[in-house]
Each structure stands twice: as C-alpha cells, then as structure tokens.
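Have a look at the structure below before the remarks.
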Amino acid sequence: MKHYLESTDSVLAEVKSSATGLTADEAAKRLAENGQNKLDEPPKPTLIARFIEQFKNPMILVLIAAAAISAITGIISEGKLEADVFIILFVVIANAVLGVYQENKAESAIEALQAMSAAQSKVFRSGELVVIPSSELVVGDVVALEAGDNVPADCRILEAAALKAEESALTGESVPCDKSSDVLTGEEVPLGDRKNMLYMGSSVAYGRAEAVVVATGMQTEMGKIAGAIANADDDETPLQKSLTQLSKILSVAVLLICVIILIISVIQMLVKNGTIALPDFLNAFMIAVSLAVAAIPEGLAAVVTVVLSIGVTNMSKRGAVIRRLTAVEALGCAQVICSDKTGTLTQNKMTVVEESTSDKLLLARAMALCCDAQLNTDDTVTGEPTEAALVAYANKSGLKKYKLEEETPRKAEAPFDSLRKMMSTVHKTENGYIQYTKGAPDVVLGNCTRIFDGGAVRDIDEHDREHILAENKAMADKALRVLMAAYREYDALPQDCSPASLEHDLIYIGMTGMIDPVRPEVKPAIALCQSAGIRPVMITGDHKDTAVAIAKELGILGEGQQAITGADLSKIPDDEFNSTVQNYSVYARVQPEHKVRIVNAWRKKDMTTAMTGDGVNDAPSIKSADIGVGMGITGTDVTKNVADMVLTDDNFATIVGAVEEGRRIYDNIRKAIQFLLSSNLSEVICILVATLGLGKLTGGAFTIFGPVHLLWINLISDCFPAVALGMESAEPGIMDRKPRSSNAHIFSDGLGVNLLWQGFVIAALTLASYVISAQTSPEAGTTMAFITLSVCEMLHSWNMRSLEKSIFAMHSHNKMLIFSIVLSFVLIIPILFIPALRDVFSLAKLDAMEYIYAFLIAAAIIPIVEVVKAIRRAVKK
C-alpha cells in the first residue's frame, strides 16, 4: 500500500490498528513474529580474515610460488631450506601485517555503531501513552511526537499541529518541510514531497503529531537504503587493476623464462653428453629459479603498501581518513565527482543573505521576536533552521534576542500552521502592546493596509504592492526562501488572540531572503577540479531552482549543461540515460536509487567516479562509486561506514587536496615500478647472457648471480630507495593535466619503453664489470658485477625522481632518498669486507682498482639517463 495516497482510516485498517494504538498483547505478538525495529548490521571481518585478505594480491601469490619453488629445490639439492625462502616469506608476512595495521587504524578512527536515532519512543498501548525502547515498535503502533523527537520508524501522520520535519539526511533538502495528515493525490510522489509521512532517520523540528507505524527495521526507507548498501559490491581500484595486470605479465614472463632456460640447458646437455644427468638437471633448474627470483620484484608489494601507508598518514594530516589503502591512489584518477549539495557544498545552515526594508533594525527585531528559536549566551542559536537564521540575523544587527524578550516579553501568540502560512506573537511594550507577524510574502502582504516607510506609517498603495512583489520575485528567482514581516499596535492586550482576530490591518515592515549558503572554500575547489579535468556534478534532494542557483554560483552548471529532477530522470530509459549522462550537471529532488543510477551511468562510460555526501540517502551511491567520500562531522554513521574516505573537517576542498595527493602517489608508484622492473630486467638479462655463452667466453662458472645475490639486491639495494621515491614531492603542474583513464595500462606513457632500455643499459654495465674481473676468477667477476649492479641501481633511483626532467634542474629535495641510498651503500660494505659474510654470498676479495672500476662503471648510469632525457625533451619540443 502507498500509505501517503490513502486516508488515515484506510491506513489504520490496513495495519489492523486504531487511533488509540495496539494492545500490549497484540504488540508483543507482532514483535515476536516480525522481529525488532532495527537495521541489520553487516558482519565485520575478523582480524584473521583481514590478514588472509592481504594474501589475495596476485603479486604476493607470485612471491609465495617463488618461495615454494626455491624451498623444493633447496631440499632436493642441499637437503635444507635456503636463506632466500625465509627472506621472501618475511617480506610477504611483513607486507600483510602492515596492510592489516593500516586498515584497522583507519577503521578505528571512524568506527561508529549503526544505532537507531531514537533510543526511546512515546507510544499508545491499550489507549495509554507509555515510553518504550524504539526497537520494540511494531507496525500498527501509534506514536506521539513533538519538537526535538527523532522519528523511530516509518509512519503515516494521523493528526498534526504546526508540524515540520527535518529530513535532510534522507532527502537532502536543507529546510524542514511542512507536514499534515491530508491525503495526497497522484501515482508516484517523491519521498521529499510525501507531506503526510514521517520516516526513520528524520526528526521533528517544530510542532507535534500522532502517527501510526507502517514499516519497521529493514522495511523502512532507511532499511531499503541499508539493503542497497549491502548489495553493492566493492570493485577493484585502478591501482589494483594495474597491479593485477602487472602480476599476470610477470607470472607469464617468469614461467616462459624458466621453461626457455630449462629447454636450452637440456639441449646443451644432450649435445655435450648425449644424456641428462640428474646433478646437471638440478643445476639447470637452480639457474631457472635464479631467473625467477631475478624477474620478480620481491620488494614491489611492500613498496606499494608502504607508499600508500605514507599517503594515508599525509591525508590524515590534511583532514581525510582513508579506510582502504588503495583508495588513496584511486582519487588521483577521479574523472567525475558527484557531490551532494546540502552539508557538502553548502554549510547546511540557513542564513539571511538579502533584505528589503526601510528600517533594518525594526525588521530584525520583528523577525527575532516572532519565532521560537533562542539565542544562547555563546551566540549559537537553538531552534528550527529557518527561525534560527532570523535570530542570527538579528544578532548580527546587534540585537540579542534574550535582551529583546526582557524588554518586550511575549504575552500571546497565534502559532504557525501550513494553511494560513503565518505566525504572530504579541509583546508588552512601555506604551502598550505590539504584534509581530511573519510568514509567506503573498499572504502577509494581503493582510497589510499600511506601510512603515522612512520612519513614518502611511497607507499602502498599488505602487507599493507592485514594488514589494517585484522585490519578492527578485529574491525568489535567486532561490532564496523569502519571509515577510509586519506589525500592529494595541493599547491593551487583545482579548481574542486567534489568528483571525490578530492577522489583519497590518503594517508592512520588510522581507528577508535566506538560503543555505555555499562553503567559501568550495568555489575555488570546484575551479581547481575543472582545471584538473575533473567534472563536478551536483546531486541533491532539494528543489530544482535552489539547486540551479547554487550550481551557477559555484560554476558547476556551465554553458550547454542541464539540470533535471528525479521525477524526469525516472522517465528516461537506462540506455538513453547512459548515453546522455554527460549532458546533466545538476540533479534535483532525487531519491537514493537515482543517485546510484547516476553514479553507475558515469562508471559505464569508464569514468572513475567519486561520490561525496553526508546523509543516509547518500550511502548507497557512496558504496557504488569507485571512491566513496563521507563527511566526518555532519555525516551519518551509515554513510561513514561505507565510505572509502571520510573528511574529518567536512571540507569539500579537502577532496581536491586528496586528488592531488592521489596523483602524486600514483606518479611515485610508477617511478618505483620503473625503477624496480628496470633493475629486475637487468638481472634477467645478465643471467640469460651468462647462461647462453658468457661462461664459455670467460672459462668461468655457468651462473653470474645466485638467488641470494638477487634477493639482496631486490630487497636491500632496491627496496629502500624505492620507498623513498614514494615520498617524492608532487611535480609542478600535477593538477593542470587531465586525469588518467582507469583502464590505462601500467606501462603506458612511455614507462614500458623506459624500463626496457634502462634495463639493457644497467645489464650492459654489469656484464662489462663482470668481464673485467672474471679473468681473475669467476667469484671475482661475480663480486665486481654484484657491486656494480647494486651501486648502479642505488644511483639509478636518483634518476627516477623525475621521468622527464633533469635531476640537476629539480628545485625540491628528497632527503629520504639520499638517506636510503646511503643506507643501502652502508649495508653492502660488511658483505664485501667481513670474510664470514663474504663466504655466505660466495664473493671474493677485490683489489683497490677493481673497486674503483666497479663504482665508476656504476656511476655511468646517471649521465646516460640524463642524455636520453635531454634528447626526449628536445624531440617533444
């Protein structure tokens, strides 16, 4: 049943209840049958489940496979596990622990219970008004509500007196809406226009009501939203997709390399010996394992996790708490930001921004006294938002309401109701009594016979009325909420203070125009988004005129772009909307399902979409978006629990800072990937060349490096500088470029070409170093190659500070990178000069000239890369 289209009698009959409520026995029976009035809470993963989740990363699985192969070969050939097995497992476990720690830390920072808004409810049971826990409400209960009460379930209003409900968390409308028990007409009435309904998650801002419960728990509108949240799946972020691609490529490459080496080795054995001996085959298998170790960047998973963790810390300092590590980077490729209006783009605080009067102080006095909002001693205001705006307006004019009430105490009133659209109060003055009336301009003006003009009262004429109505229209055209004030004087307190007796022969004072103003920092943030190629879209439950006015002020609604209501959107088929979604920048009077539809339409265009918001009505779309952004101060618990990122300062501009941080992080991860993979490629080339013939040329051993050498280089020489690259400052102009596509390959924009030629150059330098000392002994060749490769990669990390600019032209400094290079260099010294450690790594003692040659050859990587960068910059110009 659509309860808002039915009479109160029909609704009571449908729920099998009466105006006096249910009996206690019937209520207990229904509670047992239908369950408590609570929202279902999704189970949170245990610590063990979170830990296991970290191992689902394809890169981690490749590392585990490498450790397993190395363990098997070690047991077969040596009868024991080699050190590299333990090193790889340590990296894997440390990475998982770090990931769990960061996610738990973020979770605890925003953890909140999905608790009911109202803990207790006043309900009629067996005709008596009793107070019970809200969780015990059932369909058919009749509840009593008054100003300040939270609505505990979805209810149909039976009777109401001057009732207004605050529904911004559900509808996005910033102004409390009038409510009544009248039957509505039509077929489909939007949630925000159902004037005879009250919904869980809203609150009573003014007046009182009695209403019958028609839905509880997950059957409420809030419950449907919670269900939509539960049904929305978490998708991979762009970085996760890129790393998955990379892992697949590396996995295939590792398998191919191992198979090729084994085939070549078997052929060589057959050609040389005519048979395959087990020791020779195991030796060939170990070479293949060495190549696998060389091809896999063991430190990459840890480096990415650490870089993202550093990004999480940086963002927390800027007012953003990240719940998922990968969401840090995902913001960097945001192409569309769908933002709720109320509380996100605006302040969620009605404010008087215009006035039309000949006496501002008289207007402010009338508005402040003719309302129920109260000014506190700390200048905060308590009360219904519209009336609170009027009291704040008077306060800014130097009129403290509590002092006004002392001077002119209220003696009578005619409360506001939605039929006559006015409110009047009568106050005692030194000379008698004065009545102030405020309300809708057309109604108040219709009851005015005189006008206060220039300090004197005169009769109002048609010219005055036309001028006043024109002023009213000018304000309304700006989407301002306009209220008019008038007064009337008495010698004695009127005996009849009914509305009909008071509200006539009024003296016009003036009008105020108010709106929920935009946050001052949002407009420049929107402009920065647009310069960064990001499309801002406003989605709100507020009225279209208001939404359009705010959107134009912020620059969201540009030339050729349209605004559309939720009702009109419902009429557009999915296929048509998916192809035309780019035409709309403003959506008004939308319901939760509309928001999800808008987000999904953008995502179907392969646009990385972020959704911001604070209300319960934003939660499903926040969950469905690529990046969900919740508000920490005004945001509801439901919204914060599904968001990837929560803004602790509720500042839209923080999102722009987060986008910049996300771009910086992705740039730095690309630098780390290029650095690590070019290093790994050089190792693979070295082993392949040695396997295919260099050993014959030098008369030395078949292999140039063993697994332990490669693991040391990959985890020590490479890892520290790679992490330090993640701390590199953002390059100039990072927010002047278009966002990258979420489908962009990790090797795009020249990264693949760069790591190929750089890998070959590093390999050539390493092999040259090997040849110089291999004449002395294979161990000496390996030692000199080990030094050259380690130092070359340390220095190469300095090249990676910018993929295009000369490192000598950079104005910023990366102290952590300098420290990491020094640390990596210091750690290699004991291996070279302490005999016991040298033996573990099968290295030889070199003479002074060999050390000098090794370092000089390694240092050649800097001028080589600088020359290539210079050529590329010249070609680009």
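Laid out as a table, the results:
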read-out: Failed condition for K473, given (1) open to solvent by less than 50 Å² (accessible area, probe 1.4 Å); (2) modelled with pLDDT under 95; value: (1)
read-out: Number of the condition not met by V443 [criteria: (1) among the aliphatic types (A, V, I, L, M); (2) under 25 Å from K179 (Cα atoms); (3) open to solvent by less than 10 Å² (accessible area, probe 1.4 Å); (4) in a helix (DSSP H, G or I)]; value: (3)
read-out: Residues of segment 181-204 satisfying the condition of being in contact with a Cys (Cβ under 9 Å, 6 or more places away or on another chain) and either of a type in the set (A, V, I, L, M, F, W, C) or closer than 21 Å to L39 by Cα (or both); value: M197, L198, Y199, M200
read-out: Residue list for segment 342-366, restricted to those being farther than 19 Å from T408 by Cα and either open to solvent by 10 Å² or more (accessible area, probe 1.4 Å) or part of a loop (DSSP other than H, G, I, E, B) (or both); value: Q347, N348, K349, M350, T351, V352, V353, E354, E355, S356, T357, S358
read-out: Any hit, segment 133-146, residues being open to solvent by 20 Å² or more (accessible area, probe 1.4 Å) and assigned to a loop (DSSP other than H, G, I, E, B); value: yes
read-out: Matching residues in segment 477-521 - criterion: being part of a helix (DSSP H, G or I) and at pLDDT 90 or above; value: P499, A500, S501, L502
read-out: Members of segment 530-543 found to be farther than 21 Å from E166 by Cβ and either modelled with pLDDT under 90 or charged (D, E, K, R) (or both), listed by number; value: R535
read-out: Residue among F55, F90, F51 that alone is open to solvent by 70 Å² or more (accessible area, probe 1.4 Å), modelled with pLDDT of 70 or more, of a type outside the set (D, E) and part of a helix (DSSP H, G or I); value: F90
read-out: Residue in segment 786-793 that is surrounded by 16 or more Cβ atoms within 10 Å (Cβ to Cβ), closer than 30 Å to K876 by Cβ, at pLDDT 90 or above and not hydroxyl-bearing (S, T, Y) present; value: yes
read-out: Those residues of segment 722-738 which are among the basic types (K, R) and crowded, with 22+ Cβ neighbours inside 10 Å, in sequence order; value: none
read-out: Members of segment 367-404 that are in a loop (DSSP other than H, G, I, E, B), over 15 Å from F416 (Cα atoms) and hydrophobic (A, V, I, L, M, F, W, C); value: L399
read-out: Subset of segment 819-837 (residues that are without any contact (Cβ under 8 Å) to a residue 24 or more places away in the chain and of a type outside the set (G, A, S)); value: V822, V826, I829, P830, F833, I834, P835, L837
read-out: Count - residues of segment 189-198 that are crowded, with 22+ Cβ neighbours inside 10 Å and assigned to a loop (DSSP other than H, G, I, E, B); value: 2
read-out: Lone qualifier among E576, E559 - being out of contact with any helix residue (DSSP H, G or I) (no Cβ under 6 Å at 6 or more places or on another chain) and either modelled with pLDDT under 90 or surrounded by 19 or more Cβ atoms within 10 Å (Cβ to Cβ) (or both); value: E559
read-out: Residue identified as at pLDDT 90 or above, surrounded by fewer than 17 Cβ atoms within 10 Å (Cβ to Cβ), within 38 Å of the chain's Cα centre (by Cα) and of a type outside the set (F, W, Y) among I852, I818; value: I818
read-out: Matching residues in segment 129-149 - criterion: being touching a Gly at 6+ places or on another chain (Cβ under 8 Å) and not charged (D, E, K, R); value: G140, V142, A147
read-out: Elements of type helices (runs of 4 or more DSSP H) in segment 568-650, at least 1 residues being over 24 Å from R740 (Cα atoms) and in contact with a strand residue (DSSP E or B) (Cβ under 7 Å, 6 or more places away or on another chain); value: 592-604, 637-642
read-out: Of the criteria (1) over 25 Å from G148 (Cα atoms); (2) in contact (Cβ under 8 Å) with a residue 24 or more places away in the chain, which one E430 fails; value: (2)
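Here's the yes/no breakdown for (1) assigned to a helix (DSSP H, G or I); (2) at pLDDT 70 or above; (3) surrounded by fewer than 20 Cβ atoms within 10 Å (Cβ to Cβ):
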position	(1), (2), (3)
V204	no, yes, no
E210	no, yes, no
V214	no, yes, no
D234	no, no, yes
I276	no, yes, yes
A284	yes, yes, no
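The values are calculated or read from the model by the stated rules, or taken from the named source; none is laboratory data. From a predicted model like this one, the values you see are computed outputs, not experimental measurements. Cβ atoms come from the backbone with ideal geometry, glycine included; neighbour counts cover every protein chain shown. Ligands, DNA and RNA are excluded from the accessible area calculation, which covers all protein heavy atoms including side chains. Shrake-Rupley method; radii C 1.70, N 1.55, O 1.52, S 1.80 Å.
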